[in-house]
1. Given +1 on the Cβ of Lys and Arg, -1 on the Cβ of Asp and Glu, and no further charges, what dipole in debye does chain A carry about its Cα centre, rounded to the nearest 20?
2. Hull surface divided by four, with the convex hull built on the Cα atoms of region B:359-442: how many nm²?
3. Only sites in a loop by DSSP and with at most 14 other Cβ atoms within 10 Å count here; which trypsin sites (Lys or Arg not before Pro) in region B:574-619 make the cut?
4. A:A136 to A:E87: FRET efficiency via 1/(1 + (r/R0)^6), r the Cβ-Cβ distance, R0 56 Å, to the nearest 0.05?
5. In Å², what does the accessible area per residue of region B:130-264 work out to with a 1.4 Å probe?
6. Which entries of A:K201/B:K253; A:K103/A:K471; B:K236/B:K270; A:K61/B:K338; A:K457/A:K502 have Cα-Cα distances beyond 27 Å here?
7. Considering just Cα atoms, how many Å³ per residue does the convex hull of region B:383-430 enclose?
8. Report, as a whole number in µm² per second, the diffusion coefficient that Stokes-Einstein gives for chain A at 37 °C and 0.692 mPa s using the Kirkwood radius over alpha carbon pairs.
There are 2 protein chains.
Amino acid sequence: MLTVITTAVWSYNKVKETVTFTTAIAEDATPTVLKRILEIETSPVEVIKFEKGTYHFYPEKGLEKFWHISNHNDVLIRTAFPIIKKENITIDGQGSTFIFHGKMIPFLINQSKNITVKNVSIDWHETFHSEGKIIARNEEENTFDIQIPESYPYIIRNNQLIFIKEYYEHTIGQSILYDPERGGAIAFNTEAYTPITSYKKITVSRNLESIKYKYKVDNRAPFLGKMFQENKISVKELKPGVVRVFNHKNKKKDLPPVGYTIAMKGAQGKNRLAPAFHVTFTDGFNGYNVNVHHAGGMGLIAENSSDLILEKFNIFPSNGRMVSTTADATHFVGCRGKVQLKDCLLSGQLDDGSNIHGTYQEVVDILGPNKIGVRMGHFQQQGFVIGREGDQIGIVRIQDSFFPYEKDLTIKSIEYRSGRYQVITFNQELPSKIKAGDLIENQDAYPEVLVENCTFKNNRARGLLLSVPRKTIVRNNYFHTEMEALLIPVESGHWFEAGNQKNLLVENNVFEDCQHSGFNRGVIRFDTDDENKNIAFSNITITKNIFKQFDNLILQITNVDGLEFSENTITNSQTFPQLHNENPAFKITASKNVNFSDNIYKGKATKIIETDDKQVVFQ
Amino acid sequence: MLTVITTAVWSYNKVKETVTFTTAIAEDATPTVLKRILEIETSPVEVIKFEKGTYHFYPEKGLEKFWHISNHNDVLIRTAFPIIKKENITIDGQGSTFIFHGKMIPFLINQSKNITVKNVSIDWHETFHSEGKIIARNEEENTFDIQIPESYPYIIRNNQLIFIKEYYEHTIGQSILYDPERGGAIAFNTEAYTPITSYKKITVSRNLESIKYKYKVDNRAPFLGKMFQENKISVKELKPGVVRVFNHKNKKKDLPPVGYTIAMKGAQGKNRLAPAFHVTFTDGFNGYNVNVHHAGGMGLIAENSSDLILEKFNIFPSNGRMVSTTADATHFVGCRGKVQLKDCLLSGQLDDGSNIHGTYQEVVDILGPNKIGVRMGHFQQQGFVIGREGDQIGIVRIQDSFFPYEKDLTIKSIEYRSGRYQVITFNQELPSKIKAGDLIENQDAYPEVLVENCTFKNNRARGLLLSVPRKTIVRNNYFHTEMEALLIPVESGHWFEAGNQKNLLVENNVFEDCQHSGFNRGVIRFDTDDENKNIAFSNITITKNIFKQFDNLILQITNVDGLEFSENTITNSQTFPQLHNENPAFKITASKNVNFSDNIYKGKATKIIETDDKQVVFQ
């Protein structure tokens, strides 16, 4: 039944073997593909091709791994492509579509070198999110009605709406409105309506004081985070396919308007489990001409890897859906060398277009003159290993400085104890100043970044989150995002995403009606989570961009030393009513050497600049 | 702060190193103990002693493993004692008590040889179950009230009672009544009242037919099993520590009587996660003078191991609790060599005293002349590997025979794909008869069994479950169990627990008021799950035992060839009212060569034997 054509081609002085799978395996390609990939060690392959077609991949006969994935849940996942400890392999779909079923990671790439995936579209048979249309609302009764297409099977359990998938289910949980009439963009002012307020605090709890955690606990992790919450909303089916939701409206959120599509992906902390690509400890990954139509998590999440080049790596929905991936389109943690996104379309996903950062880990134990115990701060960083032997580690005390007070430590070894705890030994003695609560940061694990000719649109959240103290170029891109187009943070207390941006060039981009979901924030925003005047960001150039914004606030900066904003053109798009017309175009705090020159302003702000630095003038 | 005393003692021509931990580490022994155990490879240890004291073990700095455990959930678990690939190690508590916190496996023993644990008591700070007292019942309103001691913290969430533990929580879920006035035995006739009927079927489900599973699914696994159920009961707090439960009573279950203790351990499929001892692929394990007061699962679960000797290995509750371990006291899967329980007290646990069996795996794919794909039938067998290289594998077609039609295959290799699926290659060609749906069974993975001088009492379920086609002796024991004292099954369709008992000697035991929870079953019962007249059991001797039973049915057999029941004394204890006074003393079906001789019967049965074999006479 299954046909595997194997041809050997000589290339230079080594065998270059090509395996071509035909559509004979299309019904469930998993066992055949997996078998061949597991045989690579004894029977090398350089190119794995697929006859053009649609291939289904079921989990049942896939390789199972318990897998830590940064910014995702830790998962017991199946895959047909365990590219583990492999070198110089190209997977070429030749225009095929791969349809995955259930909890799978399409491409699990680990400890490998020079891996290419190209010419393939990735989709899922049942999505990890669900969509419905708002067809009625009743202010008096505090209800709204959702029409649920047949493609999203559901049940009602304990008066809650549960969407049923293959080996998966989810509640309404995290939700947002899409506007089908604007090409499936996020609905204007969605923050006034969503997320649906699923939870409220419980009222009865007894004798919990007898449970004494000896060590710091994570109240944001799913277990403790959800423990003291219960359902606020309830639902009732009016007729097959139409469900009424009760009790959403509160002081902060109104009933959603009729006509919008509501995208629902279940409870936070439980809904990121099946990214399309996971790349870890891999040097050299190329994704070329790849379409990711869906994933139960991110399109691509790379960790501790180098030289990740995405070209025509497109995230966009299929089958009339509003949503593509249920989390970020792409995300890079602790990567080095080059990270490049070129000619990519990143759209429809339920989180950022890309987020590039390091990881802070908290010092909790001083175990010897050159040994510390560290704690992973965020539950979705569990299992993250901060670097490789010899990497330079900085020690940061955020309240004193955003930069390390100690930079001369290099990693000798890391003992992995658990997802939350590791023991790190350095080649050098620890500084005497070190104490529990300090953060460590890998100085070597930041890449040079190029984002060029890409389109960021129709997604929840940001276009780019950048925390990269290396040369970063954002050029010739188009942004239409519901939050910031560019968010440049120092973030140490929640996500523990390390890095202070410097040497950033933002050039020749078009920003159109970003930040349209209701937040009172800039289109480009620099932010730190410690309120002080210490410098976090430097050598920033924003030049020759076009801002076509419906609202005033363009640039919002803090803790910057050295920013040039020049030759930009700012107009008012008139697309939406202004939400925050009291805003200036630019907000500047705790910054110095900020220069505006040769810009054209045709916006509506009555005050151009609000700043605590009197030397700043808009030209 | 932490003191580790290390002394080296010469023994013959090798270093016999003894490490003694002192109570200086008692506050959290985990990091120090773990560090030393991880160092064994480079710094050998033969004896690890603990200064007598009470030691706490917290999970935070323990070693984390994702771990498959037979008859348990698959768990992400922490341990301070990862005895992995170790030889000749004795852990001597010297009378200490180890208190564990949260999701930990106290002793995780894997791929080791000759490991001894002795002189230690194991307990948990917060238990994985909860207990309350029934203080009121109201037939008209269909409610009962539970008084919950301060030692069981709880919350009410979505009108459900949730018990809160360290990094764990559970609902009422599986529940049973204990009778404090009978020394903490299971309450008489508890099956009339429990388990509390927590669930009912949902009523709304739409478009589920679009989810087409390509392969067989497990409707008993937690995901699909619970998908279509919702809460039947609800609760309301009357005052702190007193909770009213609504809507339990139905046609089958009455409201629980006032005065009993109700033990609750949460939903089936989610509540077996932290056994006290897990022993896998280990040759030689000795547990001597060990008290297991609690575990979130079994006291000891051994798989694929040989020569497991438990002596004075006691399971009993502490701190006034009714419940010890939340599942079986001991359990042996696919073990070989000797399994012995001597002078053990197995009491208070929420499942069987011991269960000794093999594992059936279902043939799902014929992959080549000597290669098959097998599926694990029960979700709590996921990850189980059926044996070792060279083991003899039988192929069984239960509807034809309880014994293999093919026995000459030996394992060449096993490729582990997932918890559910493995590929097995044999040294021989497969029989032509083989087809999907057949079961495989490891002929070599059964032990000789000795159970001697043990007490089985006060637990939910059985005393011993035996499925061992090797010499088995059950001698000088005392049984007071709520279900069968001895259950001898062939079970292929639910738990997939393989094995046909033969060569069993049951001698000189006392059986007192077993099967008192309401089931209409024998004290000793043989059972098969395929209704036919094929022989499953042979060479059974039940002799010189004393049965002091309140009810009639003593022995219930089927599919037996060769059973001697002799020199036994049967009296009526009058302890409880009879529940099934229509029963005979003995029920015999589909059996031959069954002989009764020299027994004394002083029971109440009006008919001694009910049999389809006219040759059987009670003497």
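1. 900 debye
2. With every direction weighted equally, the projected area is 4.7 nm².
3. For trypsin sites (Lys or Arg not before Pro) across region B:574-619 that sit outside H, G, I, E and B with at most 14 neighbouring Cβ atoms in 10 Å, the list reads B:K607, B:K614.
4. Step by step, r from the Cβ atoms, then E = 0.45.
5. Dividing the accessible area of region B:130-264 by its residue count gives 44 Å².
6. On the way: A:K201/B:K253 34 Å; A:K103/A:K471 37 Å; B:K236/B:K270 24 Å; A:K61/B:K338 36 Å; A:K457/A:K502 25 Å.
As for pairs spanning more than 27 Å Cα to Cα, those are A:K201/B:K253; A:K103/A:K471; A:K61/B:K338.
7. Looking at region B:383-430, the number lands at 84 Å³ per residue.
8. In µm²/s, the coefficient rounds to 129.
The values are calculated or read from the model by the stated rules, or taken from the named source; none is laboratory data. Quick caveat, the model's predicted, so the values are computed rather than measured. Cβ: placed from backbone, ideal geometry, glycine included. Neighbour counts: every protein chain shown. Side chains included, ligands, DNA and RNA excluded: accessible areas come from the protein's heavy atoms. Shrake-Rupley method; radii C 1.70, N 1.55, O 1.52, S 1.80 Å.
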